[in-house]
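*Asks:* After the structure tokens below, expect a handful of questions from me.
The values are calculated or read from the model by the stated rules, or taken from the named source; none is laboratory data. A quick note: this is a predicted structure, and the numbers were derived from the prediction, not measured. Every residue, glycine among them, receives a Cβ derived from its backbone with ideal geometry; neighbour counts consider all protein chains shown.
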Amino acid sequence: MAEQFTITDQSGRIDKVSAELQPKMSRSRAKDLIQAGDILVNGEQVKPKYEVRTGDLIQIDIPAPKKLDLIAQAIPLDIVYEDDDVIVVNKPQGMVVHPAPGHPDHTLVNALLFHTPLSNINGTLRPGIVHRIDKDTSGLLMVAKNNLAHESLSKQLKDKTNIRKYVALVHGVIKSDHGTIDAPIGRDKKDRKKQAIVADGRHAVTHYRVLERFANYTLVECQLETGRTHQIRVHMKSIGHPLVGDPLYGPRKTIPGNGQFLHAQVLGFKHPRTGKQMLFSTPIPPIFEKTLKQLRHQRS
């Protein structure tokens with residue numbers, strides 16, 4: 001059912017304002033709905049860049065998610081922690097988190113559904129999934145088994161109170177020992193498969209710290225303050241140090257692997273029921289460790 005809002009003191013683009021009116025909806029999602037005609041201004045379809053005016057009547061009609069036949073599949077899981085509310089899983093490189101066009105099954109969600117019931121706040125599309133990591137990124141994910149847990153974990157992400165630290169191998173030698181990248185990220189204007197730093201993008205902040213330097217590469221720890229799509233990959237490229245093995249943002253001449261050398265190593269959050277601070281860590285994958293050993297050997 002469509003909801004209607006009258007503009008009073010809001011200002012800016014319709015995609016931004018729509019996301020503000022519907023807190024659970026991202027700006028990119030709002031843009032898609034505007035282009036599909038599901039968000040109207042004064043009964044008419046407008047472009048996402050339309051600037052709202054006082055008195056405008058905004059109609060937002062969020063369509064029901066298309067049902068996917070989610071199949072519970074007996075796929076091995078590397079479970080780091082589990083109780084009645086949450087699961088912390090170490091996702092392997094190469095596994096997609098949830099079904100989508102082109103990846104209907106053999107995802108982390110298919111494996112989780114075989115193992116346990118999951119929260120249904122995200123409907124049939126992404127049960128239990130609070131946050132995601134890319135297919136070729138390995139590491140820790142927190143998953144909600146019920147709606148109470150899902151709401152709590154989602155709020156922690158929104159309030160930036162959880163801990164997410166990644167280890168990445170990047171091209172080039174970073175001179176400074178640490179730094180912060182504060183640059184908005186949005187859809188690349190020239191290539192919709194990519195994200196890019198764009199003026200009207202969503203606020204994005206990545207803190208990095210050098211762990212080890214090699215002849216032509218640097219091992220860094222990246223801590224996320226926000227969680228935009230491809231954030232670390234885009235931000236590190238923006239300072240001239242793209243991730244090694246990154247097929248989208250990195251150079252063609254790179255170290256062989258199975259995608260970008262990026263691992264979600266540390267994950268922390270407050271338990272949704274007890275309030276206890278939880279902190280988890282997992283080793284980098286064997287191919288990552290092997291590559292680092294080779295680089296250390298070349299350096300010695």
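*Asks:* On the basis of being touching a residue at least 40 places away in the same chain (Cβ under 8 Å), in contact with a strand residue (DSSP E or B) (Cβ under 7 Å, 6 or more places away or on another chain) and loosely packed, with under 15 Cβ neighbours inside 10 Å, does Val97 make the cut?
*Replies:* Against the criterion (touching a residue at least 40 places away in the same chain (Cβ under 8 Å), in contact with a strand residue (DSSP E or B) (Cβ under 7 Å, 6 or more places away or on another chain) and loosely packed, with under 15 Cβ neighbours inside 10 Å), Val97 does not qualify.
*Asks:* Is it the case that segment 116-123 has a residue that's under 18 Å from the mean Cα position of the chain (by Cα) and outside the structural domain of Thr226 (by TED's automatic domain parsing)?
*Replies:* yes
*Asks:* Are any residues in segment 143-174 at pLDDT 95 or above and not β-branched (Val, Ile, Thr), and if so, which ones?
*Replies:* Arg164, Lys165, Tyr166, Ala168, Leu169, His171, Gly172
*Asks:* Next up: How many of the residues in segment 246-275 are under 22 Å from Leu295 (Cβ atoms), within 19 Å of the chain's Cα centre (by Cα) and in a loop (DSSP other than H, G, I, E, B)?
*Replies:* Within segment 246-275, residues that are under 22 Å from Leu295 (Cβ atoms), within 19 Å of the chain's Cα centre (by Cα) and in a loop (DSSP other than H, G, I, E, B) number 7.
*Asks:* Being small (Gly, Ala, Ser) and within 17 Å of Ile163 (Cβ to Cβ) narrows it down to one of Ala264, Ala215, so name that one.
*Replies:* Only one candidate passes the filter, namely Ala264.
*Asks:* Right, here's the next one. Return the total of residues in segment 29-45 being under 24 Å from His203 (Cα atoms) and surrounded by 18 or more Cβ atoms within 10 Å (Cβ to Cβ).
*Replies:* Summing the residues that are under 24 Å from His203 (Cα atoms) and surrounded by 18 or more Cβ atoms within 10 Å (Cβ to Cβ) in segment 29-45 gives 5.
*Asks:* Here is a follow-up. Ile287 versus (1) modelled with pLDDT of 95 or more; (2) not in a loop (DSSP other than H, G, I, E, B): which is the lone unmet condition?
*Replies:* (1)
*Asks:* Okay, moving on. Select from segment 42-64 the residues that are of a type in the set (Lys, Arg) and within 13 Å of Ser11 (Cβ to Cβ) and list them in ascending order.
*Replies:* Arg53 - this is the single residue of segment 42-64 that is of a type in the set (Lys, Arg) and within 13 Å of Ser11 (Cβ to Cβ).
*Asks:* Here are some residues: Pro251, Pro242, Pro256. Which one is within 22 Å of Gly94 (Cα to Cα) and either among the hydroxyl-bearing types (Ser, Thr, Tyr) or free of Cβ contacts under 8 Å to residues at least 40 places away in the same chain (or both)?
*Replies:* Among Pro251, Pro242, Pro256, only Pro256 is within 22 Å of Gly94 (Cα to Cα) and either among the hydroxyl-bearing types (Ser, Thr, Tyr) or free of Cβ contacts under 8 Å to residues at least 40 places away in the same chain (or both).
*Asks:* Let me ask something additional. Any residue in segment 54-78 that is on the phi > 0 side of the Ramachandran plot sitting within a Cβ distance under 7 Å of a residue that is assigned to a loop (DSSP other than H, G, I, E, B) and modelled with pLDDT of 90 or more? List the pairs, counting only those 6 or more apart or interchain.
*Replies:* Short answer, once both residue conditions are applied: Gly55/Ile7.
*Asks:* Name the pairs: first residue in segment 180-196 and closer than 10 Å to His230 by Cβ, second residue surrounded by fewer than 11 Cβ atoms within 10 Å (Cβ to Cβ), Cβ to Cβ under 9 Å, at least 6 apart or on different chains?
*Replies:* Ala196/Lys189; Ala196/Lys190
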